[in-house]
Structures are given as C-alpha cells and as structure tokens.
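Worksheet: the structure to be examined is printed underneath.
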There are 2 protein chains.
Amino acid sequence: MVELNAPQLDTVFHALGDATRRHMLHALAGGERTVGQLAEPFAISLAAASKHIKALENAGLIRREIRGRTHVCRLDPGPLASAHHWLSFYERFWTGRLDVLEMLLRAEDAGRSPTPEGEEQ
Amino acid sequence: MVELNAPQLDTVFHALGDATRRHMLHALAGGERTVGQLAEPFAISLAAASKHIKALENAGLIRREIRGRTHVCRLDPGPLASAHHWLSFYERFWTGRLDVLEMLLRAEDAGRSPTPEGEEQ
DNA sequence: CCTATATTCAACCCTATGGTTGAATTAAAC
DNA sequence: GTTTAATTCAACCATAGGGTTGAATATAGG
C-alpha cells in the first residue's frame with residue numbers, strides 16, 4: 001500500500017469531506033461512469049460536477065480516460081486504502097484491545113513533558 | 001459502532017483534512033492533553049490552535065473537560081471508527097477479493113442504463 | 001486583592017471552495 | 001459541413017477556512 005504523505009492525505013480527506021463527492025465515489029464503485037452520469041443525480045450544473053470530479057481526480061481517488069468526446073472515470077482505490085490505513089492507527093481505541101492500547105501508549109508517550117497520569121484509565 | 005450520516009461524515013472528514021488537526025489527534029492518542037499542550041508544537045497562535053481544537057470537538061473526534069482554567073482534551077474514537085467503517089466499503093477494491101468484488105458489482109449495478117462492460121477487468 | 005496563566009472571543013484579512021452562467025472546445029452524427 | 005452532444009473554461013459571486021492581533025474571561029497563586 002502506498003503511504004500518503006501529509007499533503008496527499010489533506011487532499012484525500014478533503015475530497016471525502018463532501019457528500020456529493022462521496023456519492024460519486026459510491027457510483028464509481030459500480031463501475032465506470034462518464035462525467036454526465038456522475039453529475040446526473042445532483043441538482044447542480046455540469047460545471048460544478050466537473051469541479052467535484054476534478055477534486056476527486058486531484059486526490060488520486062479516480063482516473064479519467066478520454067474516449068472521444070466523453071470522459072470515462074473509474075475508481076482508484078489506492079488513496080482510499082491509504083486513508084483506511086491511516087485510520088487503522090486509531091483502531092485500538094475503539095476495539096477492546098486495551099492490552100495493545102496500553103503497550104502502544106507507553107511506548108509512544110515515553111519521553112514527554114510532565115506526562116499526564118490519567119491515560120484514559 | 002455509530003453510523004454517521006452525511007453531514008457528520010462531512011465534518012469528520014473535513015476535520016481530518018488538515019495536517020495540524022491530524023497531528024493533534026495523534027498527540028491525543030498518547031493520552032489527555034491541554035489546549036496549550038496541543039498547540040505547542042505548531043508555529044501558530046493559540047487562537048488558531050483553539051479553532052482547530054474546536055473543529056475536532058465539533059466533529060466529535062475529541063471531548064473537552066474544563067478543569068479550572070485549563071481545558072483537558074481526550075480522543076473520542078467513535079467518529080474515527082465510523083470513518084474507518086465508511087472506507088471499509090471500498091476495501092474490496094484494494095484487496096485481492098475479486099470474487100466478492102464482482103458479486104457486489106453485479107448486485108449493485110443491476111438496473112442501470114447501458115451499463116458499461118469494462119468493470120475494472 | 002493583585003497578578004500571572006490558560007483559554008476564548010471578536011474583528012479583521014486573504015485565500016479557497018462551491019456554486020452560477022455563458023462561451024469555447026471537441027468529437028460524434030447526420 | 002452543419003448540427004448536436006459532452007465537457008471544460010473563464011469570470012464572477014457568496015461563504016467558509018485558517019491565520020493574525022488585541023481585548024475579555026476566568027481561575028490559580030502569592
């Protein structure tokens with residue numbers, strides 16, 4: 001999996017922070033879609049949809065292939081995998097694996113100022 | 001796990017779309033931190049840091065407890081779990097589980113216009 | 001009480017974002 | 001070759017975002 005650096009995570013999470021774009025990704029999970037097809041469900045102009053698609057493309061979430069006068073988009077799961085992986089770091093906080101949690105906290109928190117003692121009990 | 005609705009996913013992903021805020025979350029993975037402690041690593045004003053923290057709080061990613069004159073923040077993993085879960089929908093696209101992928105595509109894509117034939121080979 | 005500390009509030013600035021409309025581009029269709 | 005269709009481009013508008021500074025708030029400590 002490709003580890004995204006900070007600026008790339010910025011653009012990926014930013015792209016995901018919009019319901020229209022998330023909906024477009026979901027549509028693309030069903031296979032290739034043209035710009036027109038992606039725009040169709042929304043009550044916005046094609047130009048606006050085009051900007052959303054460009055944001056997704058910019059984040060690397062989709063790839064575009066120009067076939068004649070239509071632009072065909074397809075999902076590129078790589079950045080989604082990276083975002084998923086980034087979030088996985090915090091997985092121990094919502095699973096019951098408190099043993100792992102504590103170990104990691106000890107390790108990562110070592111060498112810090114007064115170091116608060118509470119540590120999520 | 002709490003399923004976040006669209007507006008909540010908006011705020012969560014938006015909050016994650018900033019390196020400063022992601023860094024703050026990472027710090028909070030090490031235990032409780034005050035506003036001052038969270039702000040310290042960054043070359044920004046305390047007011048700016050306060051806004052970032054408010055964005056995280058607004059997204060439900062952190063909780064704040066006011067102890068005297070200091071505000072102590074701690075991670076709330078719930079929304080991270082929801083974001084992670086949201087991304088998991090796409091997991092089949094980056095894992096090798098093409099069998100599952102194809103089944104799901106067939107199911108979800110049923111009843112759609114010309115239905116492109118390519119379907120990510 | 002007075003002072004120092006921790007944090008927010010308010011006003012402001014600049015840039016980015018998401019939307020619009022109308023013109024431009026490109027290719028398919030006839 | 002003219003028309004129609006699929007997209008983008010450019011200019012514009014309003015609002016949100018992230019930053020600043022200076023004043024306000026509230027509490028801890030002498």
**OP:** Between the label point of B:Phe42 and that of the same position in each other copy, find the distances and list them shortest first in nm, with every label point placed 7 Å from Cα along the Cα-to-C-beta direction.
**Re:** 2.8
**OP:** Just need the relative contact order of the range B:1-110 here, percent rounded to a whole number, with Cα pairs under 8 Å and 6+ apart.
**Re:** 28
Subject >> Built amide H within the under 5 Å cut-off of B:Val72, gap 5+ >> reply: B:Glu65, B:Ile66, B:Arg67
Subject >> Low-density loop cleavage sites - chymotrypsin sites (Phe, Trp or Tyr not before Pro) in the range A:1-92, where at most 15 other Cβ are within 10 Å (DSSP) >> reply: A:Phe42, A:Phe89
Original post:
At B:Lys54, with labels set 7 Å past Cα in the Cβ direction, how many nm apart are the copies from this one, shortest first?
Top reply: 3.2
**OP:** Over the whole of A:10-16, what's the average partner chain Cβ count within 10 Å per residue? Rounded to a whole number, please.
**Re:** 5
Original post:
Got a sec to turn the phi values of the range A:13-25 into Karplus ³J(HN,Hα) couplings, 6.51 cos²θ - 1.76 cosθ + 1.60 with θ = phi - 60°, whole Hz, x for Gly and Pro?
Top reply: 5, 4, 4, 6, x, 9, 4, 4, 5, 4, 5, 4, 4
**OP:** Rounded to whole Hz and in sequence order, give me ³J(HN,Hα) for the range A:38-53 from the Karplus expression 6.51 cos²θ - 1.76 cosθ + 1.60, θ = phi - 60°, writing x for Gly and Pro.
**Re:** 5, 7, 3, x, 10, 8, 10, 5, 5, 5, 5, 4, 4, 5, 4, 5
Subject >> Other copies of A:Thr95: label-to-label distances in nm, shortest first, labels 7 Å along the beta-carbon direction >> reply: 1.3
Original post:
From Cα coordinates alone, what are the radius of gyration and Dmax values for the range B:1-110 in angstrom?
Top reply: 17.7, 59
Subject >> Per-residue average of Cβ from other chains inside 10 Å of A:30-42 >> reply: 3
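Since every read-out is calculated from the coordinates, none of them should be taken as a lab result. These figures come from a predicted structure and were not determined experimentally. We place every Cβ from the backbone using ideal geometry, glycine too, and count neighbours over all the protein chains shown.
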